[in-house]
Amino acid sequence: MSLQLGWINDQDKIEISEDFIGVLDKLLQLAAEAEGITEGEVTLTFVDDEEIHQLNREYRNIDRPTDVLSFSMQEETDEELEIIYEVENENEQIPFEGMLGDIIISAERAKLQSEEYGHSLERELAFLFVHGFLHLIGYDHQDEASEAVMTEKQEAALLQVGLTR
């Protein structure tokens, strides 16, 4: 098995091309490789603000739309996954396999944010995707140090596919 990306476009406000999904697949491979992950499956769903608002309210008790949600299938408890920053033996497998989880992106919110930040919609969608992937494998940004780690990893992956600000 290898790392697989499944995707669904469950909104009709923003066009998502097959070519762009190819960029996201490459981004997934690069971000996963940087983490030593070679197997698993990620499902990406594009929704509108109304749908992500409902999901945010239902699963996070936050009554507003957000840009991206991640639902990890690798968590065994309510605790976050342990983050493995480096592998001492390069032949050692990181314990991720099977369904890693779901990433849900509001394409509508991504478009607004891309305009606000002054970069392309593709860059914003890719940023949200890699951000969601990092959440799936246990990264978070609850404090400045963990946010800096995520930011560095996100920007490194985006740079490799040519989606910079």
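Along the stretch 49-54 the Karplus relation, 6.51 cos²θ - 1.76 cosθ + 1.60 evaluated at θ = phi - 60°, assigns HN-Hα couplings of 4, 4, 5, 5, 4, 4 Hz to successive residues, with x for each Gly and Pro. Close amide H contacts of Trp7 (hydrogens built in the peptide plane, cut-off under 5 Å, sequence separation of 5 or more or a different chain): Leu44.
For Lys26, put the label point 7 Å out on the Cα→Cβ axis and report which residues of the stretch 104-127 keep their amide N under 18 Å from it. Within reach of a label on Lys26, which here means backbone N under 18 Å from a point 7 Å along Cα→Cβ, the stretch 104-127 contributes 120-127. Please work out the C-alpha center-to-center distance from the stretch 114-147 to the stretch 37-63 and express it in whole Å. So the separation of the two Cα centres works out to 14 Å.
Per residue, the accessible area of the stretch 1-67 comes to 57 Å², computed with a 1.4 Å probe over protein heavy atoms only. Each residue of the stretch 35-40 is assigned a 3J(HN,Hα), and the resulting list reads 9, x, 9, 10, 9, x Hz, derived from the Karplus form 6.51 cos²θ - 1.76 cosθ + 1.60 (θ = phi - 60°), x at Gly and Pro. Residues of the stretch 104-122 with an amide N closer than 18 Å to a point placed 7 Å from the Cα of Asp19 along the Cα-to-Cβ direction: 120-122.
The values are calculated or read from the model by the stated rules, or taken from the named source; none is laboratory data. Since this is a predicted model, take the numbers as computed values, not measurements. Methodologically, a virtual Cβ is constructed for each residue, glycine included, from the backbone with ideal geometry; neighbour enumeration extends over all protein chains shown. Protein only, heavy atoms only, side chains kept; ligands, DNA and RNA dropped before computing areas. Shrake-Rupley method; radii C 1.70, N 1.55, O 1.52, S 1.80 Å.
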